[in-house]
Amino acid sequence: MATEAASVLVATIDSLARRAPAIIASAARELGSIRLGLHFGDGSLAMLAGEHSRLVARRIETPEPADVEVYFDDRSLARLFDGSGRPAIEALESSLDMRGSREDLLAAWRCFVLLSQRASGLRAVQAIWSEYRDSKGEWAPPPPGEAPDRRLGEAFWEQSQWPALEWLDRRHPAAVELIERGEPVLAPARSLWDGRQSGSWQDAPLIFDNDLDETMARCKGMVVDQILTLIPEREPKAELYDLMRDYVTREGKGLRPTLVIATCLALGGKLEDGVRAAAALEMFHNGFLVHDDIADESTHRRGRPTLHMLHGVGLAVNAGDAMHLFAVDLVLSNLASLGLARTLGLIHEILHMCRETVEGQAIELGWIHRNVVPPADEDYGHMSTKKTGWYTCISPCRVGAAAAGVTSPEWLDRFNEAFRLIGIAFQTQDDILNLIGETALYGKEALGDLLEGKRTIMMIHLFRTAAAETVERMSAINAMPRLAKDQSLAEEMLAAMQQAGSIDYAIRYADDLANRGVVRFEEDLDFISENPGKAVLRQIANYVTTRAL
Amino acid sequence: MNSFAFEGALAGPRNGLGPAGPFPAAALTDTFDRRWLHYAFLSRDGRHAMVANAAWLGPVDDEEPPKERFTTILLLHERGQPWSASQFNADIGNEPWSAFRLPHPHFQPYKLGIAASAGTPRVDLDLVRTSRPCSSQCAFFHGGQHLRWQSETGVRGSGRWDLGNGPEPVDLIGYHERVRGRWRWPDLGEWVFGFANDLGGDPGRPPAWAGVFTFIRPATDTEHATASFMLWKDGRMRRHFPRRNVSFAVRGELDRDKVTMTPPLARLLGVPPMAPVPKRLAIVARQGDDVVMLDFDAEAAARVVIPSENSIRPFSVNEVVGDCLLAGRIGGEQFAIETRGIVEFAGGAGGD
């Protein structure tokens, strides 16, 4: 638990970057390149700055130069994020001091307001702040009106002076159904009438912030449940069905299922149709992964040894084949609910995805087989569009759209460019994380890409810019069989990349793509009215831009 | 079932709906003149809900001879299911029942039968008054437009209804309302109406507690909203909390797949989408030491699409059913009931 104010802020920003990237991206846009020096009432210090589309918060021990100095006293801090308090804009008078140029102050203020208004609705953020507030018992703000001498229960609600808005905002914020569903979104209550001013019940806020972490976990959970209902409880278990069950239930990000379901919902489809379509796609994905791991000689997948490492290549290939078979079954199970035309649309989309993917895979494996590193980023972009763009992002969206009944190519194509850019950025970031991320977070073996000789944007940059002898040495390492390579060779290659600035180059490359992707997302998908499904898609689009690298 | 319609002259004599006053029997002469009788019931076991409306509308422009139009719609809801609705041409067996048609003794049953032309949904009920009406109220809109209404809670209904699976006995309790006015839908803006009453208690007596609330927000002059909360106890209205003493707030959204578009014909007509229905509604009314709180949690909605005479966008009335907490303290007496309620979130015309 964070006990210092600065740590609370850092924990909040980290949590938001993972759970609500769209909020971070918006706040970072407001902040621009301004650096904030934050001084808290308990003496702790932090720096907050925008970096590309990210917000970077870090604890510091001694003050550092900043564009805006911000002094929070305990009262203003307690109310900055805490959803049970009034919005920060009303609370901070005389308890917050900000020093800096006028423009910078306004930018910082907009950033704070945006964070407090949009992030305070997320349960994860509320948990961090209420835990901190509870640890500072003396902070608890007095309830409005007369202070009761005992904790108010439902039976005594009328002793307070709270009107309807406060009832919904503070006393009973979530409906029972939402709590049962673990619904992470807590849109603030809206006043329709307070005795003087009226509001429209139709003015639903058009910004829907959701907790992406929880949303992805829930989507993944629904899809896994759907798949498990199809895997039979019969022999051969140990050689087939247990393998499938093990693989399907492994931890994964749940990006594809979330894209399918969110797109389906965004276009007015039904949840169960989205889940069924996502299950079919996920089953294909699992089959591909099993075979991919064999082709790449990977040792780990989703934090555990790959199937062929556990059970041998023969059984793993067979389990992968079975997954593809079941995937076809899952696609066809949509027939009853979606009807023939939409199911055919679904099949068409999945076939197209498979074709693009195998072509992309062929290009990449061909490079490795011939020990060639393509000279230009465009070559990588072409391969990655096929292998990742379609596979990870574009097709899931189009499949979700098809499940919602949208089969017109004109509308489906609106997803292509935005999610192509986002997909390549995502893949590039994944490749970067393989080099610099922690195994526990990433799920695959560290430096596994280098051991596999994967042609990443870093490797292409290295081969393009390094000295001839370095290129020759790296090429020799690439030419070695996977099992003949050890960790030291991978680390040698990583050092060469760091020296050539390849990783920084790749970060900039991914940032550029991701930002263009977000712009295209807003432009191309403006035909979808704002709704919770689209909000999830927006979070995913921004997830790539704000992901901590 | 014979279809009921007014065939006679517009200014002809009527079986009057109570003292004329704000609800005169005068003919509807303008296209925007409207009169209706509204019924909203919940079954005592909380499983069923019924909404019906019989509306008389003014003659269309240049119609010779001018003639009132008459429409009836019936909506039924069974818990866990979507709403089921007739078209606007439901048959109504005899002159529509009204508590305001005097003399009307309490506890004496009168028939109300409504059925879709297709056969179902259908209800055949014996309705009895157990309570007394509130005083009539009026909301104004610009240009002399207005909407007057008067409601009565504690109407008990017993009989049968049919959702298509065969007749089923039902035991209902709810409220009845009469409305008269002249307004254009885009000018009216939007409203939140609703009621909740005690579903338990002695069936031979009025419900112990019942509440009816109103919030009408005109499209222009939005600060001139009308708001009120009325509370009945044992069949008599005990408190009326006027506009300054009431607050309304909403939170969250009802899942869109819980909203059924009605009448069924509307689904074929490319009706533009509507704002999401709020998931929660809280109302707090306070006057002196008296206070009432209503917390409604929406469960399912029927969006009744009403064509607007002077805008492309229709006026939509979302009939929403859900669980409801009604609690308060009146004259030192504290009460809290957990019950079911029906709320209307209406609006959406204009803005073309």
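The values are calculated or read from the model by the stated rules, or taken from the named source; none is laboratory data. Only a predicted model underlies this, so the values are computations on that prediction, with no experimental measurement involved. With ideal geometry, Cβ positions are generated from the backbone for all residues, glycine too; neighbour counts draw on all protein chains shown.
Show the residue pairs meeting these rules: Cβ distance below 8 Å; 6+ apart or different chains; first residue within the stretch A:305-327 and assigned to a helix (DSSP H, G or I); second residue of a type in the set (Asp, Glu) and surrounded by fewer than 17 Cβ atoms within 10 Å (Cβ to Cβ).
Pairs found: A:Leu307/A:Asp246; A:His311/A:Glu239; A:Leu315/A:Glu239; A:Asn318/A:Glu239.
Output the residues belonging to the stretch B:181-196 that are more than 14 Å from chain A (Cβ to nearest Cβ) and surrounded by fewer than 24 Cβ atoms within 10 Å (Cβ to Cβ).
Across the stretch B:181-196, the qualifying residues are B:Gly181, B:Arg182, B:Trp183, B:Arg184, B:Asp187.
Kindly indicate which of B:Gly322, B:Gly341 is touching a residue at least 40 places away in the same chain (Cβ under 8 Å), under 17 Å from B:Phe195 (Cβ atoms) and in contact with a Phe, Trp or Tyr (Cβ under 9 Å, 6 or more places away or on another chain).
The conditions single out B:Gly341.
Considering (1) outside any loop (DSSP other than H, G, I, E, B); (2) over 12 Å from B:Tyr39 (Cβ atoms); (3) among the β-branched types (Val, Ile, Thr), say which one B:Ile114 fails and leave the rest.
It is condition (2) that B:Ile114 fails.
Could you identify the single residue in A:Leu330, A:Leu338, A:Leu310 that is loosely packed, with under 14 Cβ neighbours inside 10 Å and at pLDDT below 90?
Result: A:Leu310 is the single residue among A:Leu330, A:Leu338, A:Leu310 that is loosely packed, with under 14 Cβ neighbours inside 10 Å and at pLDDT below 90.
For B:Ala210, state whether it is within 14 Å of chain A (Cβ to nearest Cβ) and within 16 Å of B:Leu294 (Cα to Cα).
Answer is no for this residue.
Out of all the residues in the stretch A:90-125, which are among the polar types (S, T, N, Q) and at pLDDT below 80?
If the condition is that a residue be among the polar types (S, T, N, Q) and at pLDDT below 80, then A:Ser94, A:Ser95, A:Ser116, A:Gln117, A:Ser120 are the ones that fit.
Might you let me know whether the stretch B:215-227 holds any residue that is more than 14 Å from every other protein chain (Cβ to nearest Cβ) and either out of contact with any strand residue (DSSP E or B) (no Cβ under 9 Å at 6 or more places or on another chain) or over 21 Å from B:Pro22 (Cα atoms) (or both)?
no
Does the stretch A:253-266 contain at least one residue that is modelled with pLDDT under 90 and outside any helix (DSSP H, G or I)?
Yes.
Of all residues in the stretch A:399-421, which are over 20 Å from A:Ala514 (Cβ atoms) and in contact with a helix residue (DSSP H, G or I) (Cβ under 9 Å, 6 or more places away or on another chain)?
Once the filter is applied, which keeps residues that are over 20 Å from A:Ala514 (Cβ atoms) and in contact with a helix residue (DSSP H, G or I) (Cβ under 9 Å, 6 or more places away or on another chain), the stretch A:399-421 yields A:Val399, A:Gly400, A:Ala401, A:Ala402, A:Ala403, A:Ala404, A:Gly405, A:Val406, A:Thr407, A:Trp411, A:Leu412, A:Asp413.
Output the residue which, of all residues in the stretch A:36-54 that are within 15 Å of A:Trp109 (Cα to Cα) and crowded, with 21+ Cβ neighbours inside 10 Å, is modelled with the lowest pLDDT.
Filtering the stretch A:36-54 for residues that are within 15 Å of A:Trp109 (Cα to Cα) and crowded, with 21+ Cβ neighbours inside 10 Å, the one modelled with the lowest pLDDT comes out as A:Gly50.
Taking the stretch A:517-549, which residues are closer than 23 Å to A:Gly381 by Cα, among the small types (Gly, Ala, Ser) and part of a helix (DSSP H, G or I)?
Hits for the stretch A:517-549 are A:Gly517, A:Ala541.
Going through the stretch B:86-100 one residue at a time, which ones are over 19 Å from B:Ala266 (Cα atoms) and touching a strand residue (DSSP E or B) at 6+ places or on another chain (Cβ under 9 Å)?
Residues satisfying the conditions are B:Ile92, B:Gly93, B:Asn94, B:Pro96, B:Trp97, B:Ser98, B:Ala99, B:Phe100.
In the stretch B:136-182, which residue that is among the hydroxyl-bearing types (Ser, Thr, Tyr) and more than 18 Å from B:Pro203 (Cβ to Cβ) is nearest to the chain's Cα centre (by Cα)?
Taking the candidates together, the pick is B:Ser151.
Would you confirm whether any residue within the stretch B:287-308 is in contact with an Asp or Glu (Cβ under 6 Å, 6 or more places away or on another chain), surrounded by fewer than 17 Cβ atoms within 10 Å (Cβ to Cβ) and modelled with pLDDT under 90?
no
Restricting to the stretch B:118-147, give me the number of residues that are surrounded by fewer than 18 Cβ atoms within 10 Å (Cβ to Cβ), closer than 22 Å to B:Phe193 by Cβ and among the charged types (D, E, K, R).
Total satisfying the criteria: 1.
Just the residues that are touching a helix residue (DSSP H, G or I) at 6+ places or on another chain (Cβ under 8 Å) and more than 28 Å from A:Ala277 (Cα to Cα), please, taken from the stretch A:311-326.
Within the stretch A:311-326, A:His311, A:Val313 qualify.
What are the residues in the stretch B:219-235 that are in contact (Cβ under 8 Å) with a residue 40 or more places away in the chain and either crowded, with 24+ Cβ neighbours inside 10 Å or closer than 20 Å to B:Ala40 by Cβ (or both), if any?
B:Thr226, B:Ser228, B:Phe229, B:Met230, B:Leu231, B:Trp232, B:Lys233, B:Gly235, listed by residue number.
Please specify each residue of the stretch A:407-446 satisfying the condition of being at pLDDT below 75 and either over 27 Å from A:Ile368 (Cβ atoms) or not charged (D, E, K, R) (or both).
A:Gly437, A:Thr439, A:Ala440, A:Leu441, A:Tyr442, A:Gly443, A:Ala446
Does B:Pro307 fit the bill of being in contact with a strand residue (DSSP E or B) (Cβ under 6 Å, 6 or more places away or on another chain), closer than 30 Å to A:Ala266 by Cα, of a type outside the set (Val, Ile, Thr) and without any contact (Cβ under 8 Å) to a residue 40 or more places away in the chain?
No: the conditions fail for B:Pro307.
Test each condition in (1) within 14 Å of chain B (Cβ to nearest Cβ); (2) over 26 Å from the mean Cα position of the chain (by Cα) for A:His308 and report the one that comes out false.
Only one criterion in (1) within 14 Å of chain B (Cβ to nearest Cβ); (2) over 26 Å from the mean Cα position of the chain (by Cα) is unmet by A:His308, namely (1).
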